1. What is the local net charge at L285, summed over the other residues whose Cβ is closer than 13 Å to its Cβ (Lys, Arg +1; Asp, Glu -1)?
2. Using only Cα atoms and rounding to the nearest 10 degrees, what angle (0 to 90) does helix 204-225 make with the longest principal axis of the chain?
3. What distance in nm separates the two pseudo spin-label positions at Q423 and Y97, each 7 Å out from Cα along the beta-carbon direction?
4. Take the alpha carbon atoms of segment 502-543, find their center, do the same for segment 451-493, and report the distance between the two centers in whole angstrom.
5. Along Cα→Cβ, 7 Å out, is where each label goes; now give me the distance between the ones at R549 and L110 in nm to one decimal.
6. When a/c is below 1.5 the answer is rounded, else prolate if a/b is larger than b/c, else oblate, so apply that to segment 453-528 with a ≥ b ≥ c taken from the square roots of the Cα gyration tensor eigenvalues.
7. Tilt of helix 164-181 relative to the longest C-alpha principal axis of the chain, in degrees (0 to 90, nearest 10)?
8. Per residue of segment 335-342, what does 6.51 cos²θ - 1.76 cosθ + 1.60 with θ = phi - 60° give for ³J(HN,Hα)? Whole Hz please, x for Gly and Pro, Karplus curve as stated.
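Taken together, the values in this text are just the output of simple stated rules run on the coordinates, not laboratory data. Quantities reported herein were computed from a predicted structural model and do not represent experimental measurements. Here the Cβ positions follow ideal geometry from the backbone for every residue, glycine too, while neighbour counts run over all protein chains shown.
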Amino acid sequence: QCLYQLLAFVPPSNESLRKPGTASVMVDTQHPLTLLLNSSVGDRDLCKIQYHFGEFGNYSLVVKTLSTSTQTVSCDLIVNEGPVNSYLPILFAFLVYMGVLAILIAGRLLMKIDPVRNWVFKKLNPRATDRMINSELGSPNTTDSINCDPTPQSWSTGSRQRLRSLDTFRGLSLVIMVFVNYGGGKYWFFKHESWNGLTVADLVFPWFVFIMGTSIALALGSMLRWGSSKWKVLRKILWRSFVLILLGIIVVNPNYCLGPLSWDNLRIPGVLQRLGFTYLVVAALELLFTRADSGTWEGQFPALQDVLPYWPQWIFILVLETIWLCLTFLLPVPDCPRGYLGPGGIGDFGKYPNCTGGAAGYIDRLLLGEKHMYQHPSSGVTYQSTMPYDPEGILGTINSIVMAFLGLQAGKITLFYKDQPKQIMSRFIIWGVVMGIISAILTKCSKEEGFIPINKNLWSISYVTTMSCFAFILLLLIYYLVDVKKWWSGAPFLYPGMNSILVYIGHQVFANYFPFKWKMQDSQSHAEHLAQNLTATTLWVVISYILYRRRIFWKI
C-alpha cells in the first residue's frame, strides 16, 4: 500500500534518427515491484507490470506505440542479463563451518582412544588437557551473583553447576545478534524487517530478553536459599539495572555517528537501557513473591504449582498489557487516526506521512524529544518515513517486560519440576503451543491483515507471543540435547553465553576496528561482506572461549 514513486522520465524517441528514448534506473530486489508507465500527455496510465527483479540482473522494459490515435502501447519486460545467485556465499560458508565441525568431532573421537589421549597428555599440560577433553563446565564463584547476565544454578544443592542449556540459548541469541549487527552479509533477511513481519534479525533480541527472565528465576531462588536477605538482593538489582542503563546511554550509543556526543543528540532509549529497565521490573516483581524454599504447592491444582502461587504477578502483567492496549489503540495522536499501527511515510498510500508508529512514536517524541531518539529507523528505507522513531522506545518496553516474564515462567518450570525432565519439556511444549495459538488469533495468520500484526519496531503483543512460542520450543530442544541427553555440550555458543555483556559491549565498541572490519575491494559483494561479518563474529566466539578457559567472566 505504498504511493508510487517517480523512477525516471523517459524522453520521447527521435523519429528522424530512429533512436528510442531511454532511461536507466536501479530498482529494489527485496520485494516484488509494480512498475507503472504514465503518459506525459494527459497523465494517463499506459501499462502496469508486476515483477520481482533479481540481484545484479539487467532488464529492459521495451515500450512500443501500437496505435497513435488510441494511444495504446505494448510493454514487454526483457531479461538482458540474468540475476546472480546471491546465496552461493552462504552455502560456501556453511560448508566451511561444517568442515571445521567435522574436524573437531573427529578430534574428540580420537581423544577417546587411550594411546592417542596418553600421547596428548605427554605433550600438553595434563591438568589443562583433562579439563579440555571432559569439557567440564567451570563456574565462577557466584555465591551472591544476580544480574542481567546471571549465573543460573541447578536445583542440586550438592553440586552447584550452571544449567548449560540456558547459557547455550543465550549464546546462540548473542552470536546471531553480533552477526546481524555487523551487517549479516548485506542479505535482507539478516536485516530488521522494514515494518510488519519477521526476519532472522528480529528473532534474537526478544530471545535474549526471554532467557534473561529465565535466569532471574533461577538466580533469585539460589541467592535466597544461600541466606541473602531480600533487601540485599534488591540493592544488587537496583545497582545492576543502573549500570546497564548507564552503559547503554554512554558507551553503546548509535548517535555517536552524528558527531561528538552531547545532550543535544543523546539517544536515551537503547538495547541495554531496555534490558536494564526490564530486568529491574521483572526481578523486583519476582523478588517480592519468591520463596527461598520452592517446595511443592499444597493447594488445589498441583499441576499449576508454578502459576497459581504467583497470581499477583499475573495480575500485574495483565494490567501492564491493558495499559499498552489502551495507549496504543485509544490515545489521540495529532493528525493521525486513532489506533494507527503503520509506518507512515509513503505507506498506507501516503495518507499519514508523519504518523510513524502511531501512539508509540508520539509518546517518545512527546516525552523524550525527537533528537533523543533513534534517527534512522528501518521504516525509512522502504516507506521513506522522515520522522525519527525508536524501536526501543517507552511504550514497547511494556511488552519487553511481558516477554521477560514469560521467560521467568520457564525458569519457574525448571525449579518446580526439578529432576523431572519430562514434566519440564511437556510444559515447555504446552506454553509454546498456547503462545502460538494466541499469535495465530491476533495476526489471523497474516503478515498485514491481522488485528495486531507482528512488528518488532512496535514490540506488538503478537510479536511477543510469537517470539515466546519460538523461545519455548527452542529452549526445549536445547534443554533436551544439552542437559537431558547430554548429546551436545553447548559449544561454541556456550562460551559467549557465559560472557554475554562483555561480548555485546565489546562488539559494539570495536565494530569499526581491525580485525573486525577492513576495507573491501567490492562493497556490493555479498561474499566479501559475509566473509568480514562471519570473521568478526567468529573472533568474538574465540575471545569468549579464551576467557572461559581462563575463568574470566565479566559480571555487573
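1. Working: positive: K230, K412; negative: E286.
So the environment of L285 carries a net charge of +1.
2. Around 20 degrees separate the two axes.
3. 3.7 nm
4. 26 Å
5. Reported label-point gap for R549 and L110 is 1.7 nm.
6. Details: a/c = 2.16, a/b = 1.35, b/c = 1.61.
Since a/c reaches 1.5 but b/c is at least a/b, the shape of segment 453-528 is classed as oblate.
7. Between helix and principal axis, roughly 30 degrees.
8. 6, 10, x, 5, x, 5, 10, x
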